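Working notes for the structure below.
The values are calculated or read from the model by the stated rules, or taken from the named source; none is laboratory data. Just so it is clear, the model here is predicted, and its values are computed rather than measured. Neighbour counts run over all protein chains shown; Cβ positions are idealised from the backbone, glycine included. With ligands, DNA and RNA removed, areas are computed over all heavy atoms of the protein, side chains included. Shrake-Rupley method; radii C 1.70, N 1.55, O 1.52, S 1.80 Å.
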Amino acid sequence: MRSDNVTKGSERAPNRSLFYALGYTPEELERPLIGVVSAHSEIVPGHMNLDKIAEAVKAGVQMAGGTPILIPAIGVCDGIAMGHVGMKYSLASRELICDSVETMLMAHQLDGLVLVPNCDKIVPGMVMAAVRMDVPAVVCSGGPMLAGSYGGEEVSLSKMFEAVGAYKAGMITDEQLEDCTCNCCPSCGSCSGMYTANSMNCLTETIGMSLPGSGTIPAVMSARLRLAKEAGERVMDLLKADIKPSDIITEKAIENAMRTDMAIGCSTNTILHLTAIAHAAGHDIDLARLDAYGRKTPQICKLNPASSVFITDLNDVGGIPAVMKELAKGG
């Protein structure tokens, strides 16, 4: 195992002494060391529940015979960063996340990874790191936010921006603006519309780096915790079978992701991220081919903000596996 470089033999006794300082036992150091990379923070709504997700992942790793090691990652909330100089830092943070995951993996010689992101640049940054390092890895996101409520209808964050325009035009009152402000984002999770975060979580599921349901199970549901435990167990299966991201993120898997992108009407930002992931995997995307896929692949889900149907509704009818099944029917 890669971790033998920091746990085995007399020359690694100093390394082991530092693991013992952390409270690890000799028995734990005999097992594979699995990094659980969590972007939990108190500044991103999509990440405020990741401490619970990461703990469930750790439980799954332990149940399957591994030693989980929690590692932090940064994450920018694109919404809070919007409208000021912070906008310039969001996309750049993807590379910082990718590099930091690589740094922690290589510096500590971990055997595998479970990546726990949720929002816009964090998901692709972690996936890029996994395929670049090519160690057994599973992504387990934090899940989408529930839809909000305003004016008698279900809404998402985009309604908030519309409300600002309506307020400035004198179409709504101070009280109505505050009503929307307090109720459009009602829970933890990635913002409830088919924005970049939910798009990338769905495509990560399609491409094969996360388990079925990872893209659509709501953040507040206990099914999300069960999924996290399964992800912890699954990374141990991948390690035993020596299945790496390069075995998963194939040219065909990337095509599946691009076609699913068209079928569910993902954020256009997915092109920034899919091209980067594909490049890291050694399968550069030809944009002309992507255009051809778009012309031939039907849009079979019209989700908020393009409609009043939400990603949680998609989850209720089978989620991404149901979409892929429909695409498979059409060849």
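Some notes on this structure:
- In this entry, Val323 is excluded by the filter for residues that are β-branched (Val, Ile, Thr) and farther than 23 Å from Tyr195 by Cα.
- Residue count for the stretch 39-79, restricted to those that are without any contact (Cβ under 8 Å) to a residue 60 or more places away in the chain and either over 25 Å from Cys191 (Cβ atoms) or among the basic types (Lys, Arg) (or both): 4
- The set of residues in the stretch 1-19 that are hydroxyl-bearing (Ser, Thr, Tyr) and under 28 Å from Asp242 (Cα atoms) comprises Ser3, Thr7, Ser10.
- Selection count where residues are crowded, with 24+ Cβ neighbours inside 10 Å and in a loop (DSSP other than H, G, I, E, B), scope the stretch 218-251: 2
- Restricted to the stretch 252-331, the set of helices (runs of 4 or more DSSP H) holding at least 3 residues that are open to solvent by less than 50 Å² (accessible area, probe 1.4 Å) and in contact with a helix residue (DSSP H, G or I) (Cβ under 7 Å, 6 or more places away or on another chain) comprises 270-280, 287-296, 319-329.
Conditions (1) in contact with a helix residue (DSSP H, G or I) (Cβ under 7 Å, 6 or more places away or on another chain); (2) of a type outside the set (A, V, I, L, M, F, W, C); (3) surrounded by fewer than 16 Cβ atoms within 10 Å (Cβ to Cβ), marked per residue:
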residue	(1), (2), (3)
Ile122	yes, no, no
Ser141	yes, yes, no
Ser156	no, yes, no
Gly170	no, yes, yes
Asn183	no, yes, yes
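- Some residue of the stretch 273-280 being under 30 Å from Glu153 (Cβ atoms) and in contact with a Cys (Cβ under 9 Å, 6 or more places away or on another chain): no
- Selection status of Pro136, surrounded by 24 or more Cβ atoms within 10 Å (Cβ to Cβ), in contact (Cβ under 8 Å) with a residue 40 or more places away in the chain and over 14 Å from the mean Cα position of the chain (by Cα): yes
- Each residue in the stretch 143-154 was checked for being open to solvent by 50 Å² or more (accessible area, probe 1.4 Å) and part of a loop (DSSP other than H, G, I, E, B), and 3 of them qualify.
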